[in-house]
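Enquirer: Before we start, here is the structure in question, set down as structure tokens.
Bear in mind these aren't lab numbers, they're just calculated from the coordinates by the rules spelled out. Just so you know, these numbers come straight off a predicted model, no measurement behind them. Positions of Cβ are backbone-derived with ideal geometry, glycine not excepted, and every protein chain shown enters the neighbour counts.
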Amino acid sequence: TTKLLEVNNLKQYFPIKGGVFGRTVNHVKAVDDVSFYVNEGETLSIVGESGCGKSTTGRAVLRLDEPTEGDIQFNGENLLDLNKNDMRKKRKDMQIIFQDPYASINPRQTVRQVLEEAMAIQDVVPKADRVDKMMELLDTVGLGSHQLDRFPHEFSGGQRQRVGIARALAVDPKFIICDESVSALDVSIQAQVLNLLKNLQEQYNLTYLFIAHDLGVVRHISDRVAVMYLGRVVEIGEKEEIFDNPKHPYTKSLLSAIPVPDPSHKQERIVLKGDVPSPIDPPPGCRFHTRCPFATEKCRDETPELRKTETMTGTHEAACHYMEDIEAGRHKAAY
Ligand code: SF4
Ligand code: MG
């Protein structure tokens, strides 16, 4: 396996201006030292509650927002070394599909114009061949080539998302970030679009970074999963490991909030106290300590790093001081 994307120590701090002179008085630490990789042809999902930094991570990878710090290797090249123009060209290989297809598509443009514009920006298809390519794309995404001259409002939400996918595919990308791409759709339509994404992945050897808050969706689409909490990755690994053998108390709490399909598979319930703290002044040590039922003094003082225990397989890692002790029943929840 080849790593198509490798992100190391990514930070995204947004300045907060204040006072008479509009000086930077503080920062929102939206992403704070995040590392992960995505193998060619696989889907890595980033999952977490809103505000955990998952979308910010996606945008930083494409440099839609300039990252504060870090290293982003794509296909053997450090994206942060590229100038603006070369980065724009690089987006031929790296596309993004957003949650609301309507918001990302100009309502006054027909599908033909939307696709024409995408192809023209990157100049990947000779002008004379573009219409053929467009018709092929519409068939590929299951819309049908007869839809070429329709406007976005003439489509359903699911169909508009298919237009969004066609637009992303128009430049023959290697890598696509799906940022909550099915979140706005009805459950039955979600499944159709997820299956389409899976088929396209196989057909074109696409690599996905799939950003979502819905664990059911993540379970369906992912090969590997990264769980984020308050700007950091707290657990990462193969999908089966994350869902069947979670180690981090936060991952366990997320999973215990969804119904278990098999009732014989017992799952400890972890109910969290309070809300997610502000990323402006995140808690020291383990950022989860203000809500974790297992927290101790050490959790407030020392930041746990991602690591592996004996009962974890594959690439599975989690960041908690007490993983072994919790598992062995030596360290109990305080409430
Ligand atoms: Fe909870 Fe401490 Fe583990 Fe963080 S390090 S998840 S606060 S037990
Ligand atoms: Mg988001």
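Enquirer: Tell me the label-point distance for the pair D86, F151, using the 7 Å Cα-to-Cβ offset, in nm and rounded to one decimal.
Expert: 4.3 nm
Enquirer: Per residue, what volume in Å³ does the convex hull of the Cα atoms of the range 247-335 enclose?
Expert: Dividing the Cα hull volume of the range 247-335 by its residue count gives 125 Å³.
Enquirer: Check the straight Cα-Cα distances from K133 and name the lysines below 18 Å, setting aside those fewer than 8 residues away within the same chain.
Expert: K133 reaches K92, K174.
Enquirer: Now for a separate question. Compute the whole-percent fraction of alpha carbon pairs in the range 153-265 spaced more than 19 Å apart.
Expert: 51 percent
Enquirer: Separate question: Of G274, Y250, T311, which is farthest towards the positive pole of the range 247-335's charge dipole, taken about the Cα centre with +1 and -1 on the beta-carbons of Lys, Arg and Asp, Glu respectively?
Expert: In the range 247-335, that residue is G274.
Enquirer: Run the numbers on the range 247-335 and let me know its relative contact order in percent, using alpha-carbon pairs under 8 Å that are six or more apart.
Expert: In percent, rounded to a whole number, it is 25.
Enquirer: Here's another thing I want to ask about it. Is there a quick way to get the dipole size of the chain? I mean about its Cα centre, with the Cβ of Lys and Arg at +1 and of Asp and Glu at -1; what is the value in debye to the nearest 20?
Expert: With Lys and Arg at +1 and Asp and Glu at -1, about 780 debye.
Enquirer: What ranking do V234, V218, V271 get, fewest neighbouring Cβ atoms within 10 angstrom at the top?
Expert: With the sparsest Cβ surroundings first, the list reads V271, V218, V234.
Enquirer: Additional query: Among V227, Q12, L169, whose Cα sits farthest toward the positive end of the charge dipole of the chain (+1 at Cβ of Lys/Arg, -1 at Cβ of Asp/Glu, about the Cα centre)?
Expert: Farthest towards the positive end: Q12.
Enquirer: Give, in whole angstrom and from largest to smallest, the semi-axes √(5λ) of the equivalent ellipsoid of the chain, with λ running over the eigenvalues of the Cα gyration tensor.
Expert: 37, 24, 18
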